[in-house]
Amino acid sequence: MKALFLDRDGVISLALPRGVYVLHPEELWLMPEIRELIRAARERDYLVAMISNQSVVGRGMLDLARLELIHAKMHTELLPERLDALYYCPHAPEEGCVCRKPAPGMLLKAAQEHGLHLGDSLFVGDNVTDVLAGTAAGVRTVFLNNAHNAEERRRCQPNHVVDSLGAIIPLL
Ligand SMILES: [Mg+2]
């Protein structure tokens, strides 16, 4: 099976300004065309999974119960579409875990748990760390441009660069 991996902040949900985190369910808003992208992926037999760094947990700014509430709001907003799996890294950067992007740990774990063929899979992100994690895992990478990440774009070599989520559908 192949997968469409989606970063959360800036891909599934709207990116907040740098240094501002989603700490309450009401601060999470979906990106335009995310439902259309998920529907198209499902029609083409992709597993759809979130891959997200949530160091706000490890930094003590958010507990797991509230993170669950935020993800419950995300699931409700996405209906009738849905994500098949959520992977998030709760660790702070200094913990040296194997899951925090740019490490490929979450992608490798998803591949193991769902029997995925990573070479046929796609990872959509808006940050250099997404592209590095995807490349390290052998996944095709898609960089989603926004108003704030041109510098990030220059620091990595994604396979594809798009201006909207809808533009990813022909790449599936
Ligand atoms: Mg992001």
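What follows draws every value from the coordinates through simple rules; no lab data is involved. Keep in mind the model is a prediction, meaning the values are calculated, not measured. Positions of Cβ are generated from backbone atoms using ideal geometry, with glycine treated the same way; all protein chains shown enter the neighbour counts.
Filter the range 17-53 down to the residues that are in contact with an Asp or Glu (Cβ under 7 Å, 6 or more places away or on another chain), of a type outside the set (S, T, N, Q) and within 16 Å of the ligand (Cβ to nearest atom), then identify the one that is farthest from residue 146 (Cα to Cα).
Checking each candidate, the answer is 49.
For residue 56, only one of the following conditions fails: (1) in a helix (DSSP H, G or I); (2) away from the ligand (no atom under 16 Å from the Cβ). What is its number?
Every listed condition holds for residue 56 apart from (2).
Name the helices (runs of 4 or more DSSP H) wholly inside the range 72-172 in which the number of residues that are more than 14 Å from the chain's Cα centre (by Cα) and within 15 Å of the ligand (Cβ to nearest atom) is 1 or more.
Qualifying helices (runs of 4 or more DSSP H): 150-154.
Looking at the range 5-17, can you tell me whether even one residue there is aliphatic (A, V, I, L, M), touching a helix residue (DSSP H, G or I) at 6+ places or on another chain (Cβ under 9 Å) and not in a loop (DSSP other than H, G, I, E, B)?
Scanning the range 5-17, I find at least one residue that is aliphatic (A, V, I, L, M), touching a helix residue (DSSP H, G or I) at 6+ places or on another chain (Cβ under 9 Å) and not in a loop (DSSP other than H, G, I, E, B), so the answer is yes.
Applying the selection to the range 141-151, what residues are over 20 Å from residue 32 (Cβ atoms) and buried (at least 19 other Cβ atoms within 10 Å of the Cβ)? Walk me through it before giving the result.
Just the residues of the range 141-151 that are over 20 Å from residue 32 (Cβ atoms), to begin with: 141, 151.
Once the filter is applied, which keeps residues that are over 20 Å from residue 32 (Cβ atoms) and buried (at least 19 other Cβ atoms within 10 Å of the Cβ), the range 141-151 yields only 141.
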